[in-house]
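S.K.: Following this message is one structure expressed as structure tokens.
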Amino acid sequence: MTATGPATASVTAALALGDDALVLSHRLGEWAGHAPALEEEVALANIALDLLGQARVLLSLAGDEDELAYLREERAFRNLQLVEQPNGDFAHTIARQLYFSTYQHLLHAELAAGGGPFAPLAAKAVKEVAYHRDHAEQWTLRLGDGTETSHERMRRAYAALWRYTGEMFQPVEGLDVDWPALESRWLESVTEVLGRATLSVPEGPRTGAWSAGAGRQGIHTEPFGRMLAEMQHLHRSHPGASW
Amino acid sequence: MATAAAQRTARPQADGAAAREPADYQRVFDAAVAADERIEPRDWMPDAYRATLVRQIAQHAHSEIIGMQPEANWITRAPSLRRKAILMAKVQDEAGHGLYLYSAAETLGTGRDELLDKLHSGRQKYSSIFNYPTLTWADVGAIGWLVDGAAITNQVPLCRCSYGPYARAMVRICKEESFHQRQGYELLLALSKGTPEQHAMAQDAVDRWWWPSLMMFGPPDDESQHSAQSMAWKIKRHSNDELRQRFVDICVPQAESLGLTLPDPDLTWNEERGHYDFGPIDWSEFWDVLKGNGPCNEQRLTQRKRAHDEGAWVREAAAAYAAKHTGGAEAAAHETTGAERA
């Protein structure tokens, strides 16, 4: 806590950021044993672990980390729809990573500089996320500018996830952020990387049929319920047990 | 040390001019092994020594990467965030071990692609223990405590193996394995002291993993195909049965502390030997699983091959990109391949 920031972290904001990290970490954890190369087993697990660490700090600001992760229903989760999207092929995972880590990097840099209740976490996270962003960028370049097949897969993946990117810039209560400025910097950064990867910025709306900000309001996509069922099943099968 | 260094410098190197007779090479190699010196990649070594090491290191590397599967099976269901973080880190370590070991094999002139191809086509094996399924969360604990415990017992002596790169990789691997073993023990302890259902889950897992863990040390000494030569070369330092006994002696008091029993009615302290006696191992099961008839042989290899095949386009793209962007003659050669592919 700093003297200039609010005394306590907003629970809404802690849940939004914490759920993003928790859910994306889970999705990346699904890659274990399935990655395209041994180096990627290490890299994806590394990113998943960073995100899980962030999630644990953030959820603990809002309550008990395990109760929040394992005992909430789908409608109570506040993560972006982007992070819950299934892994798909490696290109989809990389596209999701670039969209999200670029956002997270800009957001945490701003939160770290702001000195509010999230500043200590954000200062640590921004260093981790810089690596996540670099990883996604390096793969975007290789897949975009690799073979014809990889280019086409990468193009399709960026297009498929485009509709989930608008939600990232809906204001979150308790976060003192200049959202329109964040959005334009995000767009500039993603456009620049895609350009170097010989890919073009996808066309079409950046929000789906649901209103923008749906995930933040607890409206999720179908695969998310199945993800939670798997994640929560064991914990819920033994009420009150310690692990 | 100065003497040892001088001798090493004097040792003929595999790519050096053939200034000496093969018999001299063999004599210098034998002397180095006898003096407990390390054989390094550029040193001359007998073909059979090289082949034995490649076979053993490859099997070890394959075991690390196949061994990711039974544990990764529980990452998405880990019952607390703390346990999930520990398990992800552990599975990640195993991928890292695979990397060190494939690199160690590469110093002997055999690349990762070739070894993976042999794994995928069934020409090289991985440890049979990973052909057993992880049926409950407690299996994650049992694997850490028993399987990693057995692996450490096997691997600590390998830190003194005569081949330098393998020995050095093992130093690092053993440090991490010891963390894995402790987390498994601690996981089982939490279950054993937890609810009756959790305790039963822990006991069930130990009951299923105990005997397969004892089989990890390989067949009895009188039936072990490669042991004698490997011991003479100081690749292996102790016999299968010695290591198995050491493991049993370590586990019995640990099981007591855990409040769990080991599924062997013959397990008793033998005052005279200063060791625990244990019941007969069902070697027919061992050979059967080794031949491919274990519960998960098919599943493990299929998943490994699928991950490899589905990742082919990614690896090809990375190679094509490198060829386009690194320049030079080598890149030009790759570029041709890339163009053909496109």
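The values are calculated or read from the model by the stated rules, or taken from the named source; none is laboratory data. Predicted model, so just to flag it, every value in this text is computed and none were measured. Cβ placement follows ideal geometry from the backbone for every residue including glycine, while neighbour counts extend to all protein chains displayed. These accessible areas exclude ligands, DNA and RNA; they are computed on the full protein's heavy atoms, side chains included. Shrake-Rupley method; radii C 1.70, N 1.55, O 1.52, S 1.80 Å.
S.K.: Can you tell which of A:Leu59, A:Leu15 is in a helix (DSSP H, G or I), within 10 Å of another protein chain (Cβ to nearest Cβ) and either closer than 19 Å to A:His135 by Cα or not aromatic (Phe, Trp, Tyr) (or both)? If you could, list the steps in order and put the result at the bottom.
M.R.: Numbers: A:Leu15 fails: within 10 Å of another protein chain (Cβ to nearest Cβ).
Answer to the selection: A:Leu59.
S.K.: Still on this structure, I have one more. Does any residue of the stretch A:31-50 turn out to be assigned to a loop (DSSP other than H, G, I, E, B), within 10 Å of chain B (Cβ to nearest Cβ), buried (at least 18 other Cβ atoms within 10 Å of the Cβ) and aromatic (Phe, Trp, Tyr)?
M.R.: For the stretch A:31-50, residues assigned to a loop (DSSP other than H, G, I, E, B), within 10 Å of chain B (Cβ to nearest Cβ), buried (at least 18 other Cβ atoms within 10 Å of the Cβ) and aromatic (Phe, Trp, Tyr): present.
S.K.: Select from the stretch B:82-115 the residues that are at the interface with chain A (Cβ under 9 Å from one of its Cβ atoms) and more than 30 Å from A:Leu228 (Cα to Cα) and list them in ascending order.
M.R.: Passing the criteria: B:Gly98, B:Leu99, B:Tyr102, B:Arg112.
S.K.: Within the stretch A:128-136, does at least one residue satisfy the condition of being at pLDDT 95 or above and over 30 Å from B:Lys324 (Cβ atoms)? Walk me through it before giving the result.
M.R.: Within the stretch A:128-136, the subset at pLDDT 95 or above is A:128-136.
Still in the list and also over 30 Å from B:Lys324 (Cβ atoms): A:128.
Yes: the stretch A:128-136 contains one or more residues that are at pLDDT 95 or above and over 30 Å from B:Lys324 (Cβ atoms).
S.K.: Further question: Counting only residues that are assigned to a loop (DSSP other than H, G, I, E, B) and within 18 Å of the chain's Cα centre (by Cα), how many does the stretch A:174-216 have? Give the derivation first.
M.R.: Of all residues in the stretch A:174-216, those assigned to a loop (DSSP other than H, G, I, E, B) come to A:174-178, A:197-214.
Now drop any that are not within 18 Å of the chain's Cα centre (by Cα), which leaves A:175, A:177, A:206-208, A:212-214.
The total comes to 8.
S.K.: Got a number for residues in the stretch B:204-217 being in contact with a Ser or Thr (Cβ under 9 Å, 6 or more places away or on another chain) and surrounded by fewer than 21 Cβ atoms within 10 Å (Cβ to Cβ)? Full working, then the answer.
M.R.: Within the stretch B:204-217, the first condition is being in contact with a Ser or Thr (Cβ under 9 Å, 6 or more places away or on another chain), and the residues that meet it are B:204-207, B:212, B:215-217.
Okay, now just the ones that are also surrounded by fewer than 21 Cβ atoms within 10 Å (Cβ to Cβ), so B:204, B:207.
Result for the stretch B:204-217: 2.
S.K.: Then there is this: Does the stretch B:292-303 contain at least one residue that is in a helix (DSSP H, G or I), more than 30 Å from A:Asn87 (Cα to Cα) and within 19 Å of the chain's Cα centre (by Cα)? Steps first, answer last, please.
M.R.: We begin by selecting, within the stretch B:292-303, every residue in a helix (DSSP H, G or I); these are B:292-293, B:297-303.
Add one more test, that the residue is more than 30 Å from A:Asn87 (Cα to Cα), and what stays is B:292-293.
Going one step further and asking which of them are within 19 Å of the chain's Cα centre (by Cα), we end up with B:292.
Checked against the condition, which is being in a helix (DSSP H, G or I), more than 30 Å from A:Asn87 (Cα to Cα) and within 19 Å of the chain's Cα centre (by Cα), the stretch B:292-303 yields at least one hit.
S.K.: Something else: With (1) part of a helix (DSSP H, G or I); (2) modelled with pLDDT under 95 as the list, and B:Lys84 as the residue in question, which single condition is left unmet?
M.R.: With (1) part of a helix (DSSP H, G or I); (2) modelled with pLDDT under 95 applied to B:Lys84, the lone miss is (2).
S.K.: Continuing with this model, one more query. Considering each of B:Ala307, B:Ala320 in turn, give the residue that is within 21 Å of the chain's Cα centre (by Cα), within 12 Å of chain A (Cβ to nearest Cβ) and in a helix (DSSP H, G or I).
M.R.: Answer to the check: B:Ala307.
S.K.: Could you figure out which of (1) open to solvent by less than 70 Å² (accessible area, probe 1.4 Å); (2) modelled with pLDDT under 95; (3) over 23 Å from the mean Cα position of the chain (by Cα) isn't true of B:Phe286?
M.R.: (3)
S.K.: Here is a follow-up. Only one of A:Arg75, A:Arg96 is basic (Lys, Arg) and either under 21 Å from B:Pro70 (Cα atoms) or open to solvent by 30 Å² or more (accessible area, probe 1.4 Å) (or both). Can you tell me which?
M.R.: Numbers: A:Arg96 fails: either under 21 Å from B:Pro70 (Cα atoms) or open to solvent by 30 Å² or more (accessible area, probe 1.4 Å) (or both).
Criteria check complete, one pass: A:Arg75.
S.K.: I'd like the full set of residues that are more than 14 Å from every other protein chain (Cβ to nearest Cβ) and part of a loop (DSSP other than H, G, I, E, B), limited to the stretch B:24-81.
M.R.: Result: B:Ala35, B:Asp36, B:Glu37, B:Arg38, B:Glu40, B:Pro41, B:Arg42, B:Trp44, B:Met45, B:Pro46.
S.K.: Out of A:Met154, A:Met168, report the one residue that is more than 14 Å from every other protein chain (Cβ to nearest Cβ), part of a helix (DSSP H, G or I) and open to solvent by less than 40 Å² (accessible area, probe 1.4 Å).
M.R.: Values: A:Met154 fails: more than 14 Å from every other protein chain (Cβ to nearest Cβ).
Exactly one residue qualifies, and that residue is A:Met168.
S.K.: Considering only the stretch A:202-243, state which residues are more than 14 Å from chain B (Cβ to nearest Cβ), free of Cβ contacts under 8 Å to residues at least 12 places away in the same chain and open to solvent by less than 80 Å² (accessible area, probe 1.4 Å).
M.R.: Listed by number, the list holds a single entry, A:Ser211.
S.K.: Does A:Thr147 qualify as being within 14 Å of another protein chain (Cβ to nearest Cβ) and β-branched (Val, Ile, Thr)? Lay out the reasoning, then the answer.
M.R.: On the way: within 14 Å of another protein chain (Cβ to nearest Cβ): yes; β-branched (Val, Ile, Thr): yes.
Considered against the rule, which asks whether it is within 14 Å of another protein chain (Cβ to nearest Cβ) and β-branched (Val, Ile, Thr), A:Thr147 comes out as yes.
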